[in-house]
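**Student:** Got a structure for you, questions after.
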Amino acid sequence: MTCKEAQSMVREYIAGELPPKELERFIEHVRGCGNCYEELETFFMIDRAVRYLDEETEHSFNLKTLLEKDLKEKEHALARKRRSKWAIICLAVLVIVLMCLLLLDAFGIFQISRLF
């Protein structure tokens, strides 16, 4: 991903509108590019400050910490999604193997009792 592409995605990132694949590429780029990280940090702080003023709460917070927390949460969500995808694939393969064994047993080609 180029810096120009990453910079064009900042607004969508802050709004939480990036699709998972683009989000992954965006985070990877921002983690490795100091200039893009600084730009994201600036826009993120502005967005959070405006929200903070709109909420009129008494609580103060560290905007830089919030950006890091937001990036980490999205990285973890992407990792969970990847793990879930692989778990489903493994389960599907297991079901197919079991079905094949049952069919082979039903036709007398292979006896499952030999496995145990």
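**Student:** Checking residue 50 against (1) hydrophobic (A, V, I, L, M, F, W, C); (2) out of contact with any Phe, Trp or Tyr (no Cβ under 8 Å at 6 or more places or on another chain); (3) over 14 Å from residue 70 (Cβ atoms); (4) surrounded by 13 or more Cβ atoms within 10 Å (Cβ to Cβ), only one condition comes out false. Which one?
**Tutor:** (4)
**Student:** Considering only the stretch 65-116, state which residues are loosely packed, with under 10 Cβ neighbours inside 10 Å and either at positive phi or of a type in the set (Ser, Thr, Tyr) (or both).
**Tutor:** Selection gives 65, 108, 113.
**Student:** Return only the number of the condition from (1) polar (S, T, N, Q); (2) assigned to a helix (DSSP H, G or I); (3) at pLDDT below 90 that residue 35 does not satisfy.
**Tutor:** (3)
The values are calculated or read from the model by the stated rules, or taken from the named source; none is laboratory data. Worth saying up front: this structure is predicted, and the values here are computed from it rather than measured. Every residue, glycine among them, receives a Cβ derived from its backbone with ideal geometry; neighbour counts consider all protein chains shown.
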